[in-house]
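What follows is one structure encoded as structure tokens, with my remarks underneath.
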Amino acid sequence: MQFTTVKVETMNGLHGLETGVGIKRERLGFALMLTALEVSIFFGFILMGVIAPATLAVPIANGWTTTWAFAAGIGIVIVSVLLTGLYVRVENDNSV
């Protein structure tokens, strides 16, 4: 597959917009970086459960039934939503 640089003269009021290999590689690099971050966070949580399950089973505070595993899971979901929002924002700013 070969990519070429295309110069778009007029598209939706934008003039001289350059698209091509550089932009595609930049987008792919950013997507792969966010993917690697998300995968490392998730597998870090899984690895913590394998190596030290007792640590995740400890309640957050005395008398609480909520454990650190639940809090970490909620944290992972929040980080995932934030990373997805960041990706969408960056890609929408860079797109035509």
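Here the label points at Ile74 and Glu26, each 7 Å from Cα along the C-beta direction, are separated by 3.9 nm in the simple model. With each label modelled as a point 7 angstrom along the Cα→C-beta vector, the Ile46-Asn62 pair spans 3.7 nm.
Read-outs throughout are calculated quantities, based only on the coordinates presented, and are distinct from any laboratory measurement. Since this is a predicted model, take the numbers as computed values, not measurements. Don't worry about glycine lacking a Cβ; one is built from the backbone with ideal geometry, like all the others, and counts go over all protein chains shown.
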